[in-house]
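Each value in this text was obtained by applying a stated rule to the coordinates, not by laboratory testing. Remember, predicted model here, so these are calculated numbers, not experimental data. Cβ atoms come from the backbone with ideal geometry, glycine included; neighbour counts cover every protein chain shown.
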Amino acid sequence: MKQSMLEFSDATKIFETKNGPFVAVEGVNLRIEEGEFVSVMGHSGCGKSTLLNMVAGLSTCSRGGVSLRGREITEPGPERMVVFQNYSLLPWMNVQQNIHLAIKTCRKDLNRKEQKEETMRYIEMVGLSHAAHRMPKEISGGMKQRASIARALAVQPKVLLLDEPFGALDALTREELQDELLEIWEENRATVLMITHDVDEAIVLSDRIVLMTNGPAAGIGDIFDVPLQRPRDRESLLEDPAFYTLRNQVISYLYGKQGDYHEGDEAENTLIGAEAYTSSHPKEELQQA
């Protein structure tokens, strides 16, 4: 059997509380292949961040384990980089210095000139050349997140972990950064595990969407393949009935109606049907599901 990039094997996390043991996630089994983009969704408290922390090495399994190319993950490492919702840039360093520090720390195979060149390459990749010398407090939230993504990618990790990376941004900026991330990912094909509450975001970016059951003792409830060809263009996707079919399936699951949609329903899940559904469910409500 081909070795996966990431593998959860009966991964279980139990937290000790004043009221006794609390089982956050239990018995999670999941294989993620090299170069795959996987999103994890579910209601608040379903263990999404717990799974991501296990991969990051910020939390260890109580039972079972998580492995990277067959080696158990027990601590953080540069082969797994995290992009958080709150940017996490060092406020006393400018954009260039934030990215250069990551390269200097993790890519010691490069000499000083090469490190500088790599720093500028990743700054240009995310369109921040004009802001390279600005401090985090001097740039917008979208620009901060571009810098955070550049810093993570510059380390050239095997796995990129995204913890609701666009959740704090306005809708227009969020879509712009999703498109930029998609373009960058198409070039680099890093393995990505993303936590998100945004159904559209998960569909646009992902190869698979993993839906978690409600906690406690949360597990994997269902997994949907995203049957949309790459490279992807948002405008084309929004004209594709398959986009709305999958969108309705995911939303149906999140609302506890996972039995409502079956194979062969594609003809009924057209753009008209999707518009009828979203008109009765505000976008903000769907994104919070």
Exposed-loop-free span, longest in the chain, where chymotrypsin sites (Phe, Trp or Tyr not before Pro) count as exposed if DSSP calls them loop and at most 14 other C-beta atoms lie within 10 Å
93-254
Whole-number percent relative contact order across the range 59-132, with pairs defined as alpha carbons under 8 Å at least 6 apart:
23
Where the Cα pairs of the range 86-156 fall when distances are cut into 5 Å bins, in %:
3, 20, 34, 24, 13, 4, 1
Please return the longest stretch of the chain lacking exposed loop sites, where GluC sites (Glu not before Pro) count only if DSSP places them in a loop and at most 12 other Cβ atoms lie within 10 Å.
1-238
Take every Cα pair under 8 Å in the range 194-258 that's 6+ residues apart, average their separations, divide by the length, and report that relative contact order as a whole percent.
28
Could you work out how much longer the chain between GLU183 and LYS18 gets when fully extended? Use 0.36 nm per residue separation minus the Cα distance between them, nm to one decimal.
54.7 nm
Which ³J(HN,Hα) values in Hz, rounded to whole numbers, follow from the phi angles of the range 144-153 under the Karplus curve 6.51 cos²θ - 1.76 cosθ + 1.60, where θ = phi - 60° and Gly and Pro get x?
4, 6, 4, 5, 5, 5, 4, 4, 5, 5
Listed residue pairs exceeding 24 Å between alpha carbons, taken from LYS48/LYS104; LYS48/LYS158; LYS13/LYS108
LYS48/LYS104; LYS13/LYS108
Starting from the Cα gyration tensor of the chain, multiply each eigenvalue by 5, take the square root, and state the resulting semi-axes largest first in whole Å.
31, 25, 18
Per DSSP helix of 4 or more residues, -39500 (n - 2.57); summed, then divided by the residues of the chain. What does that give at 222 nm, rounded to the nearest 500?
-11000 deg cm²/dmol
Explain nothing, just the number: relative contact order of the chain, from Cα pairs under 8 Å at least 6 residues apart, as a whole percent.
22
Between SER4 and residues 5 or more places away or on another chain, which pairs have amide H atoms under 5 Å apart, with H built 1.01 Å from N, and which residues are they?
none
